[in-house]
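Asker: First, the structure itself, so that you have it in front of you.
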Amino acid sequence: MSLSQRLDVRQSQTLVMTPQLLQAIKLLQMSTLELDAFVEQEIDNNPLLERASGEAETTADDAPLQPGAPAGDPEPLSGTEVSFEVEESASDGYTESDRFAGIGGGGSFTEDDEAAAQNVAAPPSLRDHLLAQIAIDFPLPSERLIAASLVDFLDDAGYLPKELNAIRAQLGATVEQFDRVIARLQRLDPCGIFARSLEECLGLQLRERDRLDPAMILLLKNLDLVAKRDHAGLMRICRVDAEDLADMIAEIKRLDPKPAARFMPDTAQTLVPDVMLRPMAEGGWHVELNTDTLPRVLANERYYMKIQAASSSKADKSYIADRWQQATWLVKALHQRATTILKVAGEIVRQQDAFFTQGVQGLKPLVLKDISELVALHESTVSRVTQQKYIATPRGIFELKYFFTSGLARSDGGADMSSKAVCARIRALIEGEKPSAVLSDDFLSMILRGEGIDVARRTVAKYRESMKIPTSAQRKRNKRGLGA
């Protein structure tokens, strides 16, 4: 067999992930806050981009969304028209010949709102609180340096990591020196800070109250039995009677398991929905984008033409052309993101119509593939759209991914039931049980089978545990009122 070289021409199709395509994918999965920060950065870096000062144009398109209607173009579902267009504007200091490309809706955050937000009192800093004490209680510079470094290793509850050898080695401290510093840190305010476990945290607080006696030490070593309400076992281990045990448990409950929590900010971040849902008088649902979450970005074409004409070098012209391309791409990408969210949200509402009228019992099994086929988008795109995107409904605000749920077959031939609906039914049965007739997982499974829901005992146990509902034995003890 002879070897030879030759040239062949072949055709093939490949998907090229361009930088702009990658960026569009990232835009799709961004939350509202992440998107706003990204747009702000783009405006800072691109002289051809700016935020609009006016409100987004809207239309009163009130076409109802009927359950089971075929999927189509998303615009008819929206009460707010999200448009990409070139328009003339005489506002904001521009002449009538100024041309812009625009997307989205203006926000309603005024200067008064900003001033009010700045006037919110900042909560005290745990770090500053501890460093002030360390500066006084640690006269030796070497120990003061170790102590100050350990402040940065505290978690949100005020605990140190259990494994500290690597940190000690990094700080160049001896074992004796390191342990001495931690012991002194554990005497700082708030009491219980710098503990390495819940047992140690509670023990520090009891020691401060002079209540860390041998019986209490044994109780702290068996906190798992306290959680299980195994009072007989605790009385045997701690060698106390029922009255003493009840007092000990009551005292532990008065302690603070998270001593650093009081230094955390109290102001909760408001959850702003991306999509709004409201019922129509004639039936069906009206779905629209929340224009307050859509950044209104303008690309100034007149300014681009002006500086492009004034540029003399090839490098300057290339830079300006690149900035203009990036500006117009961003406008189009934001528009595509908005319409994709609306398209997916509208189809989810169609498929889960019963949820909005009946509650969680009306949820039906739904997976990403179902929506992707109906809206002609890839499953990964649907997944990105439903992450950190929220819809405001008459039943509350939900993340879009909430409506995807696995299903269980019905033995009576009815439609499959979603796992969330089954969980809700299990919770309802448990909440309705009597102290004298606590329902076991086997009995719950039997009840559900009687209702046509084919679910095994181990599945009931899995769903019960996922809802953090105790076992029947633990619930029986709770309902009998054992323990303080």
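Asker: Hey, if you put +1 on the Cβ of every Lys and Arg and -1 on every Asp and Glu Cβ in segment 307-386, which of Ala310, Val344, Trp329 ends up farthest toward the positive end of that dipole?
Answerer: The listed residue farthest towards the positive side: Ala310.
Asker: In straight Cα distance, which lysines are under 27 Å from Lys258, not counting same-chain residues fewer than 8 positions off?
Answerer: List returned: Lys162, Lys221, Lys228, Lys468.
Asker: Also, I was wondering about something else. In nm, give the distance between the simple-model label positions of Phe356 and Arg262, each being 7 Å from the Cα along the Cα-to-Cβ direction.
Answerer: In this crude label model, Phe356 to Arg262 measures out at 4.7 nm.
Asker: Next up: Compute and list, largest first, the equivalent-ellipsoid semi-axes of segment 406-479 from the alpha carbon gyration tensor, each √(5λ) rounded to a whole angstrom. Working shown, then result.
Answerer: Numbers: eigenvalues 99, 30, 18 Å².
Value: 22, 12, 9 Å, ordered largest first.
Asker: On to the next question. Rank-order 198-205, 347-354 by packing density, defined as the average count of other C-beta atoms within 10 Å over each peptide's residues, highest first.
Answerer: Going from most to least packed, we get 347-354, 198-205.
Asker: Next question, about the same structure. Kindly rank 36-42, 246-252 from highest to lowest mean number of other beta carbons found within 10 Å of each residue.
Answerer: 246-252, 36-42
Asker: Separate question: Can you give me the distance in nm between label points at Ser312 and Asp155, each placed 7 Å from the Cα along the Cα-to-Cβ direction?
Answerer: Result for the modelled spin labels: 6.4 nm.
Asker: Given a cut-off of 18 Å, name the pairs among Lys26/Lys389; Lys26/Lys369; Lys343/Lys401 whose C-alpha atoms lie farther apart than that in the structure shown.
Answerer: Exceeds cut-off: Lys26/Lys369.
Asker: Between Asp210 and Leu131, what FRET efficiency follows from the Cβ-Cβ distance if R0 is 25 Å, with the result rounded to 0.05?
Answerer: E(calc), rounded to 0.05, equals 0.30.
Asker: Any idea how far the Cα center of segment 429-484 sits from the one of segment 225-251, in Å?
Answerer: 25 Å
Asker: Assuming R0 = 41 Å, what is the FRET efficiency of Arg180 and Ala232, from their Cβ-Cβ distance, to the nearest 0.05?
Answerer: 0.50
Asker: For the pair Arg458/Leu33, report the inter-label distance in nm, with labels modelled 7 Å from Cα in the Cβ direction.
Answerer: 4.1 nm
Asker: Say a paramagnetic label sat at a point 7 Å from the Cα of Ser142, along Cα to Cβ; which residues of segment 181-203 have their backbone N under 15 Å from it?
Answerer: So the set is 181-182.
Asker: Additional query: Cα extents of segment 287-389 along the three principal axes, largest first, in whole Å?
Answerer: 68, 26, 19
Asker: Run the numbers for Ala246 and Glu40: contour at 0.36 nm per residue of separation, minus the present Cα-Cα distance, in nm.
Answerer: 68.4 nm
Asker: Right, another one. Report, in debye and to the nearest 20, how large the dipole of segment 188-318 comes out about its Cα centre when Lys and Arg carry +1 and Asp and Glu carry -1 on their Cβ.
Answerer: Using only the charged Cβ atoms, the result is roughly 720 debye.
Asker: Let's see if you can work this out: charge +1 on each Lys and Arg Cβ, -1 on each Asp and Glu Cβ, no other charges. What is the dipole magnitude of segment 406-479 about its Cα centre, in debye to the nearest 20?
Answerer: Dipole size: approximately 420 debye.
Asker: Please express the shape of segment 334-419 as an equivalent ellipsoid: the semi-axes are the square roots of 5 times the eigenvalues of the C-alpha gyration tensor, given largest first in whole angstrom.
Answerer: Calculated on Cα positions only, the semi-axes equal 23, 15, 10 Å.
We did not get these values from a lab; they are worked out from the coordinates using the rules stated. Please read these numbers as outputs of a predicted model, since none were measured by experiment. Quick reminder, even Gly has a Cβ in these numbers, built from the backbone with ideal geometry, and neighbours come from all protein chains shown.
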